[in-house]
Amino acid sequence: MIYKKVFHFLVLIIIGLLLSHCNDSPTDLGIDFLSQDGVEVLKFDSLVDSLPQNSFDFKKVYVLGNASHVLLGKAENITSHILLKFAFLLPDSIVSEIKSQTINVIDSYVTLTKNYSFGNANGSFDYNVFKVNEFWSSSNFTSDDFASLSVDNVDLSSDRTTSNDTVYTFHLSNELASSWLKNYADTTLADNYGILLSPTENTQKVLGFTAYNISDIDVPILRVVVQKPGAYVDTLIGYITLDVSAIIGSVPDVGSENLAIQSSLASEVQLNFDFNALPKDVAINSAKLTLTIDTLQSKYGSDFENSLSVFLIADSTKDSLNKNYAYKLTRKGNTFSGDITNIIRAFNNNVDNQGILVKSTQEFWGLEIFSIKGSNASNIADRPRLEIIYSKGGKR
């Protein structure tokens, strides 16, 4: 019986020793550290250690021609327009009748498939449609080009869908559709530079519609109903060839302590940390970046990815990123956080420190506004936080 008690006592001692070793972990710089073969493993935390930082937001204009949808409407800080261009693929018999003017356009309409919304869900929505008078391309048209775009200031639409629905339809003037058919038959007869959709002043939300895609699923479609008197009525299909959004607006005002990251506009954030306070000749084991969200100033659409992406800036003067150093910050509660170890290792290995760029992961999807606390937040705990686990010393 005595032997059993001694045995149980020894087991408890051994378990206690094992648990005490399992609980060892690096703690704040200058407080505790692990030591093994002369190697110190320490933690540097910008929340408690001296790590100067600054941050700012700015607008970067991108070409949105490859976005998966086009955006139309007004909400918050932006007004969004859509450019569309359609082309035909017609048999020779129809082409001959167009040239001989033996067929007439009796109706034409465009259908768009909604897949996103941003702003006041119950707010009003309306738009006008204008004829474009000059060449444009979705591969290089940006919001900067919008002001100089030549259009006729006459609304050519009627019977527009403006209420909440999945499919939105608007009819065009028969004259416009007829000119497009003539252009297909003979480019000397008329031009076809497409149309511009612009929201009306009373619009209070933005809707997203499926854009051109190689699968042709839910893409914009033009239908032109033609009639040859005494012979037939037929519907000709116009296929989308070009589409792009032109999003006009400034960086959203999210408060003096906050920074704005907004998709599509696009508004991005640059973070700069001064790593001179970090000891030299150390090995970076891990690094974690945490950003605090102002939930009251953040705005979200009907469907989006709730994450941010972080990049190492290669050349700040040319807005150039090093895509080999890209990370995702995921959201939990009121923070975005994630591992950025290799970015800090790069700085530690004498890569020029021109800062870190933070943007929306789905930058060309919707219009989400992520409001995060900046480096001047009055509550230090809300500022961008960098936690670095590093080691130094040891045998060389």
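The values are calculated or read from the model by the stated rules, or taken from the named source; none is laboratory data. Predicted model, so just to flag it, every value in this text is computed and none were measured. Every residue, glycine as well, gets a Cβ built from its backbone with ideal geometry; the counts of neighbours run over all protein chains shown.
Give me a count of the residues in the stretch 84-132 that are of a type in the set (D, E, K, R) and under 26 Å from Val151 (Cβ atoms). Of the residues in that region, 5 qualify. Which of the numbered conditions does Asp281 fail, given that it passes all the others? Conditions: (1) surrounded by fewer than 15 Cβ atoms within 10 Å (Cβ to Cβ); (2) part of a strand (DSSP E or B). The failed condition is (2).
I'd like to check something: does the stretch 378-385 contain any residue that is touching a strand residue (DSSP E or B) at 6+ places or on another chain (Cβ under 7 Å), buried (at least 16 other Cβ atoms within 10 Å of the Cβ), among the acidic types (Asp, Glu) and touching a residue at least 60 places away in the same chain (Cβ under 8 Å)? Give the steps one after another, and end with the answer.
Initially, the stretch 378-385 is screened for residues touching a strand residue (DSSP E or B) at 6+ places or on another chain (Cβ under 7 Å), giving 382-385.
Next, only the ones that are buried (at least 16 other Cβ atoms within 10 Å of the Cβ) stay: 382-385.
Filter again for among the acidic types (Asp, Glu), leaving 382.
Imposing the further condition that a residue be touching a residue at least 60 places away in the same chain (Cβ under 8 Å) reduces the set to 382.
Scanning the stretch 378-385 turns up at least one residue that is touching a strand residue (DSSP E or B) at 6+ places or on another chain (Cβ under 7 Å), buried (at least 16 other Cβ atoms within 10 Å of the Cβ), among the acidic types (Asp, Glu) and touching a residue at least 60 places away in the same chain (Cβ under 8 Å).
Checking each residue in the stretch 213-256 for being among the acidic types (Asp, Glu) and crowded, with 18+ Cβ neighbours inside 10 Å picks out Asp218, Asp243.
Of the residues Asn153, Asn128, Asn115, the single one that is over 21 Å from Leu181 (Cα atoms), in a loop (DSSP other than H, G, I, E, B) and in the same structural domain as Gly238 (by TED's automatic domain parsing) is Asn153. Among residues that are acidic (Asp, Glu) and either in contact with a Phe, Trp or Tyr (Cβ under 7 Å, 6 or more places away or on another chain) or without any contact (Cβ under 8 Å) to a residue 40 or more places away in the chain (or both), Glu368 is included.
Apart from one condition, Asn183 fits all of (1) surrounded by 18 or more Cβ atoms within 10 Å (Cβ to Cβ); (2) assigned by TED's automatic domain parsing to the domain that holds Gln362; the exception is (2).
Return a yes/no flag: does the stretch 213-220 have any residue that is closer than 19 Å to Ser108 by Cα, of a type outside the set (A, V, I, L, M), touching a strand residue (DSSP E or B) at 6+ places or on another chain (Cβ under 8 Å) and not in a loop (DSSP other than H, G, I, E, B). No, every residue in the stretch 213-220 fails to be closer than 19 Å to Ser108 by Cα, of a type outside the set (A, V, I, L, M), touching a strand residue (DSSP E or B) at 6+ places or on another chain (Cβ under 8 Å) and not in a loop (DSSP other than H, G, I, E, B).
The residues on offer are Leu189, Leu259, Leu207, Leu236, and the sole one that is part of a strand (DSSP E or B) and touching a helix residue (DSSP H, G or I) at 6+ places or on another chain (Cβ under 8 Å) is Leu236. Look at (1) closer than 15 Å to Arg385 by Cα; (2) in contact with a helix residue (DSSP H, G or I) (Cβ under 8 Å, 6 or more places away or on another chain); (3) not polar (S, T, N, Q) and you find that Phe347 fails only one, number (1).
Against the definition (under 13 Å from the mean Cα position of the chain (by Cα), closer than 16 Å to Ile343 by Cβ and in contact (Cβ under 8 Å) with a residue 40 or more places away in the chain), how does Ser309 come out, yes or no?
Numbers: under 13 Å from the mean Cα position of the chain (by Cα): yes; closer than 16 Å to Ile343 by Cβ: yes; in contact (Cβ under 8 Å) with a residue 40 or more places away in the chain: yes.
So Ser309 passes the test.
Count of the stretch 138-179 residues, restricted to those that are exposed (fewer than 13 other Cβ atoms within 10 Å of the Cβ), hydroxyl-bearing (Ser, Thr, Tyr) and under 30 Å from Ser263 (Cα atoms), is 5.
Does at least one position in the stretch 296-304 carry a residue that is over 24 Å from Tyr62 (Cβ atoms), surrounded by fewer than 19 Cβ atoms within 10 Å (Cβ to Cβ) and at pLDDT 95 or above? Working first, answer last.
The first filter runs over the stretch 296-304 and keeps only residues over 24 Å from Tyr62 (Cβ atoms), leaving 296.
Applying the additional criterion that residues be surrounded by fewer than 19 Cβ atoms within 10 Å (Cβ to Cβ) yields 296.
This time we only want the ones that are at pLDDT 95 or above, so: 296.
Checking the stretch 296-304: at least one residue is over 24 Å from Tyr62 (Cβ atoms), surrounded by fewer than 19 Cβ atoms within 10 Å (Cβ to Cβ) and at pLDDT 95 or above.
Going through the stretch 190-237 one residue at a time, which ones are of a type in the set (Asp, Glu) and over 29 Å from Asn120 (Cβ atoms)? Reasoning before the result, please.
The first filter runs over the stretch 190-237 and keeps only residues of a type in the set (Asp, Glu), leaving 191, 201, 216, 218, 234.
Scanning the stretch 190-237 gives Asp191, Asp216, Asp234.
Quick check on my filter: what residues within the stretch 86-112 are surrounded by fewer than 18 Cβ atoms within 10 Å (Cβ to Cβ) and within 16 Å of Glu175 (Cβ to Cβ)? Gln101, Asn104, Ile106, Asp107 - these are the residues of the stretch 86-112 that are surrounded by fewer than 18 Cβ atoms within 10 Å (Cβ to Cβ) and within 16 Å of Glu175 (Cβ to Cβ).
Total residues in the stretch 84-116 satisfying the condition of being in contact with a Gly (Cβ under 6 Å, 6 or more places away or on another chain) and not charged (D, E, K, R): the figure is 5. Scanning the stretch 328-374 for residues that are surrounded by fewer than 20 Cβ atoms within 10 Å (Cβ to Cβ) and in a strand (DSSP E or B) gives Lys328, Thr330, Arg331, Lys332, Thr335, Ser337, Gly338, Asp339. Taking the stretch 199-228 as the range and being in contact with an Asp or Glu (Cβ under 8 Å, 6 or more places away or on another chain) and more than 30 Å from Ser93 (Cβ to Cβ) as the test, the residues that pass are Pro199, Thr200, Asn202, Thr203, Thr210, Ala211.
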